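What follows is a short report on a single structure.
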Amino acid sequence: MRSLHVAGVALASITLCGIAYLGFALAAAGRARRRKVPDARRSPAVTILKPLHGAETELFENLCSFCEQNYDRFQIIFGVHSLEDPAVTIVRSVMERYPQLDLELVVGSVRKGRNPKMAGVAAMLPYAKHDVFSIVDADMRVRPDYLQAIVAEFVDERVGAVTALYSGSPRGGVWSVLGAMHINDQFAPSVLVAASLGPMQFTFGSTMAVRRDVLEAIGGVDALADHLADDYMLGALVARHGFRVALSPYVVRNIISEPDLAALWHHELRWARTIRAQRPAGYACSVVTFPLPFAIALLLWPGYTLTGTILSAVALTLRLALHRSMQQLFEHPARQSAWLLPVRDALGLAVWAASFFGRGVRWRGVEFPPKG
């Protein structure tokens with residue numbers, strides 16, 4: 001009986017911490033919705049670097065969105081490792097569609113580490129004409145005001161790098177919806193909470209914008225070449241060298257296409273182990289970001305029916321409120337996915353637990369044992 005009581009107290013404690021987290025995240029989301037893009041006093045020329053690998057879902061539309069910027073001077077460099085890459089055909093179609101733009105395709109890589117993405121970026125950099133870079137993953141899509149919003153953050157000369165939150169936009173069935181909800185309802189709120197607690201020390205693949213001089217100061221692409229979490233390391237190194245990492249109020253769209261549960265599971269497990277390797281303590285504490293499974297377990301626990309009922313109701317109410325608030329922040333049309341929130345929390349908790357049973361991850365055929 002004593003062990004049942006101790007377990008009940010533990011479930012109640014985790015649920016209460018989760019409720020506190022949801023309340024804090026809800027407040028952070030409200031502040032994020034009120035943020036405005038700063039006024040830019042200048043518009044420096046920008047080089048967008050797009051490392052590509054394969055024909056991502058809606059890749060043509062994604063790349064076209066970067067070509068349709070309301071910005072005076074910008075260059076886009078597309079990078080592939082081989083001419084046999086299916087992305088080459090898509091890039092050439094984009095270049096034919098926008099012959100007036102400064103677009104370039106670079107084939108090849110410069111291997112200075114194990115990260116194939118950074119090997120591609122290293123090959124592209126010699127062709128970069130401008131002194132502000134924005135490295136953006138292939139599955140991202142933007143509006144025409146993207147560059148203006150990102151570059152505006154550099155008006156503060158202390159800013160060495162800029163990143164942007166991103167939202168999940170599913171393509172396909174329920175697995176893609178659950179993948180998008182992982183970003184919209186779990187990852188993005190945790191970023192807003194982290195940004196509220198202290199200076200940003202990481203960037204995201206949605207936007208890794210950095211000044212040329214700052215990139216050179218931190219050791220260039222070589223400093224990122226052995227890290228799977230190159231986006232995290234860029235922000236960490238920029239902060240370590242005394243510069244600020246700015247989180248833009250602009251939200252990039254991430255096109256999510258997960259064909260089945262296995263693909264979703266392996267994708268999220270790789271992501272979880274990568275985060276755990278970089279921030280082990282914070283990652284362990286992130287268990288409180290999945291309050292609904294604990295609240296439901298408490299509801300069913302012997303002797304805790306009333307407490308579980310109350311805490312379950314509070315946790316579900318806050319989770320729904322946060323879901324709506326994030327949808328407003330992302331300016332998404334209303335979608336009937338709120339009923340999946342308990343499933344999404346349960347899946348997130350399962351991935352969190354599974355991440356501790358193993359250390360390495362495999363990405364694009366390369367093994368990455370965790371660092372640190």
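Just so you know, all these numbers are worked out from the coordinates, no wet-lab data involved. Predicted, not measured: the structure shown is a model, and the values here were computed from it. Glycine also receives a Cβ, built like all others from the backbone with ideal geometry; neighbour counts cover every protein chain displayed.
Descriptive notes on the structure:
- Dipole axis of region 39-276 (+1 Lys, Arg; -1 Asp, Glu on Cβ), positive-most option in Ala236, Ile90, Ile135: Ala236
- Computed from the Cβ-Cβ distance with R0 of 35 Å, the FRET efficiency linking Phe60 to Asp39 stands at 0.55.
- As a rough footprinting exposure proxy, the listed residues His323, His267 were ranked by other beta carbons within 10 Å of their own, and the order from fewest upward is His267, His323.
- The phi torsions of region 108-123, fed into the Karplus equation with coefficients 6.51, -1.76 and 1.60 and a -60° offset, translate into couplings of x, 8, 10, 7, 10, x, 8, 7, x, 5, 5, 5, x, 4, 4, 6 Hz, rounded to whole numbers, with Gly and Pro shown as x.
- In this simple spin-label model, placing a label point 7 Å from the Cα along the Cα-to-Cβ direction at both Arg143 and Phe24 gives a separation of 3.0 nm.
- Loop-resident sites, region 107-195, for chymotrypsin sites (Phe, Trp or Tyr not before Pro), counting at most 13 other Cβ within 10 Å (DSSP): none
- Alpha-carbon centroids, region 114-183 and region 293-330: separation in whole Å: 34
- Counting only DSSP beta bridges whose two residues both lie in the chain, roughly 30 percent are antiparallel.
- Non-local Lys pairs in the chain, i.e. 8 or more apart or on different chains, that have alpha carbons under 29 Å apart: 9
- Residue-wise HN-Hα couplings along region 303-313, as the Karplus relation 6.51 cos²θ - 1.76 cosθ + 1.60 with θ = phi - 60° gives them from phi, are x, 10, 4, 5, 4, x, 5, 5, 5, 5, 5 Hz; Gly and Pro carry x.
- A simple rule links phi to the HN-Hα coupling: the Karplus curve 6.51 cos²θ - 1.76 cosθ + 1.60 with θ = phi - 60°, which for region 289-297 gives 7, 10, x, 4, x, 5, 5, 5, 4 Hz, with x for Gly and Pro.
- Separation in nanometres of the label points that stand 7 Å from Cα toward Cβ, at Glu157 and Asp222: 2.9
- Under the simplified labelling scheme, the Gln328-Leu83 pair shows an inter-label distance of 5.5 nm, with each label point 7 Å from Cα along Cα→Cβ.
- 12 Å cut-off, amide nitrogen to a point 7 angstrom out along Arg212 Cα→Cβ, residues in region 125-139: 125-133
- Within the chain, longest stretch free of exposed GluC sites (Glu not before Pro) [DSSP loop, at most 14 other beta carbons within 10 Å]: 158-330
- Among the trypsin sites (Lys or Arg not before Pro) in region 1-102, those located in a DSSP loop and surrounded by at most 13 other Cβ atoms within 10 Å of their own Cβ are Arg35, Lys36, Arg41, Arg42, Arg73.
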